[in-house]
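Everything on this sheet refers to the single structure shown next.
The values are calculated or read from the model by the stated rules, or taken from the named source; none is laboratory data. On a predicted model such as this, the values are computed, not experimentally measured, just so you know. Glycine gets a Cβ as well: all are built from the backbone with ideal geometry, and neighbour counts include every protein chain shown.
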Number of protein chains: 8
Amino acid sequence: MQATVGIIMGSDSDLPVMQEAAKILEELGIGYELTVVSAHRTPDRMYTYAKEAKGRGIKVIVAGAGGAAHLPGMVASLTGLPVIGVPVKTKSLSGVDSLYSIVQMPPGIPVATVAINGAKNAGLLAAQMLGAFQEDVHERVLAYKESLRTMVEGKAEELEA
Amino acid sequence: MQATVGIIMGSDSDLPVMQEAAKILEELGIGYELTVVSAHRTPDRMYTYAKEAKGRGIKVIVAGAGGAAHLPGMVASLTGLPVIGVPVKTKSLSGVDSLYSIVQMPPGIPVATVAINGAKNAGLLAAQMLGAFQEDVHERVLAYKESLRTMVEGKAEELEA
Amino acid sequence: MQATVGIIMGSDSDLPVMQEAAKILEELGIGYELTVVSAHRTPDRMYTYAKEAKGRGIKVIVAGAGGAAHLPGMVASLTGLPVIGVPVKTKSLSGVDSLYSIVQMPPGIPVATVAINGAKNAGLLAAQMLGAFQEDVHERVLAYKESLRTMVEGKAEELEA
Amino acid sequence: MQATVGIIMGSDSDLPVMQEAAKILEELGIGYELTVVSAHRTPDRMYTYAKEAKGRGIKVIVAGAGGAAHLPGMVASLTGLPVIGVPVKTKSLSGVDSLYSIVQMPPGIPVATVAINGAKNAGLLAAQMLGAFQEDVHERVLAYKESLRTMVEGKAEELEA
Amino acid sequence: MQATVGIIMGSDSDLPVMQEAAKILEELGIGYELTVVSAHRTPDRMYTYAKEAKGRGIKVIVAGAGGAAHLPGMVASLTGLPVIGVPVKTKSLSGVDSLYSIVQMPPGIPVATVAINGAKNAGLLAAQMLGAFQEDVHERVLAYKESLRTMVEGKAEELEA
Amino acid sequence: MQATVGIIMGSDSDLPVMQEAAKILEELGIGYELTVVSAHRTPDRMYTYAKEAKGRGIKVIVAGAGGAAHLPGMVASLTGLPVIGVPVKTKSLSGVDSLYSIVQMPPGIPVATVAINGAKNAGLLAAQMLGAFQEDVHERVLAYKESLRTMVEGKAEELEA
Amino acid sequence: MQATVGIIMGSDSDLPVMQEAAKILEELGIGYELTVVSAHRTPDRMYTYAKEAKGRGIKVIVAGAGGAAHLPGMVASLTGLPVIGVPVKTKSLSGVDSLYSIVQMPPGIPVATVAINGAKNAGLLAAQMLGAFQEDVHERVLAYKESLRTMVEGKAEELEA
Amino acid sequence: MQATVGIIMGSDSDLPVMQEAAKILEELGIGYELTVVSAHRTPDRMYTYAKEAKGRGIKVIVAGAGGAAHLPGMVASLTGLPVIGVPVKTKSLSGVDSLYSIVQMPPGIPVATVAINGAKNAGLLAAQMLGAFQEDVHERVLAYKESLRTMVEGKAEELEA
């Protein structure tokens, strides 16, 4: 399957968080690629990744990072594709540092930020962006949301029983 | 011009902030609609808006709100389209309340959050989502980013002179 | 016993917190109902719940939610009954996100917010609202407060001994 | 008109904030009394106020205070009536101190907390508590909410025109 | 030994924290009394305690409390003696709530606040207040500080060895 | 009049805040000295000040500072006298930096911290410490508190009229 | 004079803050260069700047930026020279966002962070780094610190007079 | 090997954090000394340390401390050498107190602050300062950064495989 979503993270220690993005994309039948790209330790690699993504057919980039989290914003500065940022929870500041570093971008370079450790939602948001133009993806997003509704109602029934 | 971006806000007092989204979309030649929809004061109107947006050709919704900012998240729960949330700055908590209320969405219902008062970036992000599928929009986004580069370099020259 | 307090929560994972509300109501001999209603995953169910509560004899609604906690505020927008909000503690932001999302409601739509994870107090507050009009409930609230006094004094005696 | 809501504040400098509670109660045709009671400067007066309120026919107490805001919680400890707390905005901490001092009450002594400077909502919340038992008040609350809806829709129309 | 320092706490669950104050006072040979006094659950007991402390020979009161921590401030409002407040660490807000509730007192009613869970320092501070007038206590405080110096220097030597 | 309270501040820009301490001491008939001592710019002067204060008859030191506010804690490390710290409000962090730098002292070196910009209370607290041993000062403190009570009651009467 | 310190900032709107760095360097007789380099708007320019600085004789880089402030950290990732970061104050988050984005760098890529808007100290810190190897610069740094001491003592004398 | 970096910490409980600075310096072949110096418990020792460091050949001081962390700033006030501050994580405030106490220094006395618990980066930053004048150290810093790049690329390859 052709990858249309690129998932990157600043360190492989972010993998347990970030693979939730991969998992939901798989569940929704969307092709993705996943790798480690560090803004600070591999700046050249980051440049290349950001500059070449569109040419490879990528339509959305999901980037996760923690602390002084520069990866999502720097990738956003190097591409015209939409970039979704996942603030990874940190030990001392619980991810507030990651959140502020990702969401408070200056005018001209937006990053679509999701919740701290919200990689699953990042994947889903990528799917929704694709779904705005690919009706089959949109249908699968709606079906997924419907399944959430059913699950909650099931639990409500149990609880009320 | 057919509106493909829907801009809504919780109160008309958010207009000075939110019209920045409209302005950049205009600059990029993208059709949009703009109105007031309050999650708390007009919940039925919000339901209708969210449910009917896609049918009207809307591909991305930009929603701004302040304080206990429920509009972006509630609209996201009612549509399969991507929703961009703009946390509007507040008097006592400077928009940290708006930011947390918008970005910390539960798994299953993402909101693409931008900076506090970052409506311009919300518009630009919407354009980038469209641009992933509409090559002409993508080109205009790149040209806009190029203009930012030129502007910064001009200022650098002045300063160095 | 006729339910006069409705206890709802955004997810069944909130149950360990929210059942404290049920427990104190039971202790005070007040009828209640308890179920799961998710603002984001079951918006229609939430509408119905909020619109029909009063007709069923409910006089106060206690709503608990965490993160971008929209349930209490949205229910408050859909009913004229008083709504008590319980901010549930979250993993990354310890419930500050929940607190701000619940307490910072805009003019016109109040939510009576209690402490983070303060479900017991939510139940007690509901009882106090009823007690303002039902003298027997008021008496039981006073007796409960009296029992707290006795307990503290007992501990003081032990400590001083 | 018989006062059923008691509005108190820690200092007369809180009056510009707290009179919003009085104003909305007037608008809704609900009798109220309003005075200054300081937990720290007039503790005896506070005791008397809290102990005698119910006997005077008061059914809800609205208490506003800023900084180390002890008034709402101390009054709540001295009465079985529901107490609504209004965290007043402060100069250095913007009311976060007031908010935490009011909302984080220990088990057994709830305070129904509203937004920072949210006195209008405090008044409205008091009305909703009364309305749960007084149908005419409930009707007026609903009419007020309806007027908010109409106002928003009017602004939406203007904006869309 | 005549008690000159009164140690009180809002709940016996604060004892593990607050007994550090007792321990250092013992170490410095200063008489103290220790008990539970809850501002919210035993307001009358608190009144009596604060009003009678001076008559019993108490010269400083150390009061510990957590969350909406009203005990130190309320006791300070009821006595002319200096009151030292110990913000007890809390589960959701780590004691920031306790700190703000204790330190942000209004003009006229100071509370001498120490670090979160800083009961040892509260005891020491009480000793320093006494020491300003009782030379033998002052000497013991200096000797204690000298012992800290020696201990640090011992550790430095070990580390450098 | 013999100075028994020493008021120091890190910079003369803190004077508008810190003179409130002097004013209340004057009002209470307590002798004080006031000067500028910077922990960072005049460390030697600070050493001398702290070491010699007691010999001059000083019984309490009030120290105000902003930002990385080291003056109160460093003075406390150099004397056995009680030190009261006043966190001065700052431009970017509103005094939260000052507060944390002053209140979070390690075991062994307490600083009696008052509210941000709470210099008046610092003066009053110093008076209360003196009053624990000087009955006339204690009486004047009580009279001052009584005057606050009267003032609040006067305002209450006006408001109720 | 040969520039040994490079001062850069993310936007020319940071100039009023950042020129304090230039001013103190001038005062200390240290050559510097100053320009605008935006991590987000001119990423290529930033690469070139960081890669070529050492070759031009630069020994320390001072970089100021606000919000999601990526400039200092990204430059640090591209050079082996020490980088000093100045968090510029922002409108909604007062520079806490800038501070966290600059100081919370991951292991391997340090940024020497100074106070919010602390550009003067950034310049001084650069001078101190040079001074560790250039005795004349060290002497001028000491003379500057001495002048601060004299100034404070002069103010103390005035105040005490 | 001649020590050119001095590593100090406020308490030996900071050693597990601070030895990361020593470790990286060793790895880079840079001589260092390491000991305990407490601003609060051994102020005289701190004076001596700061005043004599340069004479011993020290070119940079790395100082770690937690809570009201005065060590880095006080040392900086007593020497003309650059001082790097490491905010040590604390139990109640997670090191935000340490960070603010270290980074928010007043004009004239900079401290080069790194991340909370960022001792490794403090060591590396010291090396970079030396490297600006010692070409061999600079080369080893670049080699270290290169090794980080290689490591990340290795992990990327594994992940992509």
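I'm trying to understand the selection: among the residues of segment B:43-60, which are within 14 Å of chain A (Cβ to nearest Cβ) and out of contact with any strand residue (DSSP E or B) (no Cβ under 6 Å at 6 or more places or on another chain)?
B:Ala50, B:Lys51, B:Lys54, B:Gly55, B:Arg56, B:Gly57, B:Lys59
Considering only residues that are among the β-branched types (Val, Ile, Thr) and surrounded by 18 or more Cβ atoms within 10 Å (Cβ to Cβ), look in segment F:129-161 and name the one that is modelled with the lowest pLDDT.
F:Val152
Just one of the numbered conditions (1) touching a residue at least 40 places away in the same chain (Cβ under 8 Å); (2) part of a strand (DSSP E or B) is not true of G:Thr35: (1).
A count restricted to segment A:61-83 and to residues that are buried (at least 24 other Cβ atoms within 10 Å of the Cβ), among the aliphatic types (A, V, I, L, M) and either free of Cβ contacts under 8 Å to residues at least 24 places away in the same chain or facing another protein chain (nearest Cβ under 7 Å) (or both) stands at 2.
Among the residues of segment H:38-59, the ones that are assigned to a helix (DSSP H, G or I), of a type in the set (A, V, I, L, M) and farther than 30 Å from G:Gly80 by Cβ come to 1 in all.
For segment E:1-20, the set of residues classified as under 10 Å from E:Gly64 (Cα atoms) and assigned to a helix (DSSP H, G or I) consists of E:Asp14, E:Leu15, E:Val17, E:Met18, listed by residue number. The conditions are (1) surrounded by fewer than 17 Cβ atoms within 10 Å (Cβ to Cβ); (2) facing chain D (nearest Cβ under 10 Å), and C:Lys91 fails exactly one of them. Which is it? Among (1) surrounded by fewer than 17 Cβ atoms within 10 Å (Cβ to Cβ); (2) facing chain D (nearest Cβ under 10 Å), the lone unmet condition for C:Lys91 is (2). Within segment D:35-52, the set of residues being of a type outside the set (Ser, Thr, Tyr) and surrounded by fewer than 19 Cβ atoms within 10 Å (Cβ to Cβ) comprises D:Asp44, D:Lys51, D:Glu52. Among the residues of this structure, B:Leu25 counts as one that is surrounded by 20 or more Cβ atoms within 10 Å (Cβ to Cβ) and farther than 28 Å from C:Ala65 by Cα. Looking across segment A:114-131, the residues that are touching a helix residue (DSSP H, G or I) at 6+ places or on another chain (Cβ under 7 Å) and without any contact (Cβ under 8 Å) to a residue 40 or more places away in the chain come down to A:Val114, A:Ala115, A:Ile116, A:Gln128, A:Gly131. The set of residues from segment H:94-117 being within 9 Å of chain G (Cβ to nearest Cβ), farther than 15 Å from F:Thr90 by Cα and either crowded, with 24+ Cβ neighbours inside 10 Å or among the aromatic types (Phe, Trp, Tyr) (or both) comprises H:Leu99, H:Ile109, H:Pro110, H:Val111, H:Ala112, H:Thr113, H:Val114, H:Ala115, H:Ile116.
Per this entry, B:Ala21 is not counted among residues that are over 23 Å from D:Thr150 (Cα atoms), touching a residue at least 40 places away in the same chain (Cβ under 8 Å) and touching an Asp or Glu at 6+ places or on another chain (Cβ under 6 Å). Checked against the criterion of being in contact with an Asp or Glu (Cβ under 7 Å, 6 or more places away or on another chain), small (Gly, Ala, Ser) and at positive phi, the candidates D:Gly57, D:Gly67 yield just one match: D:Gly67.
Within segment D:123-135, which residues are facing another protein chain (nearest Cβ under 7 Å) and not in a loop (DSSP other than H, G, I, E, B)? Matches in segment D:123-135: D:Leu124, D:Leu125, D:Gln128, D:Met129, D:Gly131. Those residues that are hydroxyl-bearing (Ser, Thr, Tyr) and either more than 14 Å from chain C (Cβ to nearest Cβ) or within 22 Å of B:Gln134 (Cβ to Cβ) (or both), I need them from segment B:8-42; list them, please. Passing the criteria: B:Tyr32, B:Thr35. Only one entry of D:Gly95, D:Gly154 meets the criterion of being small (Gly, Ala, Ser), over 14 Å from C:Val111 (Cβ atoms) and in contact (Cβ under 8 Å) with a residue 24 or more places away in the chain, and that entry is D:Gly95.
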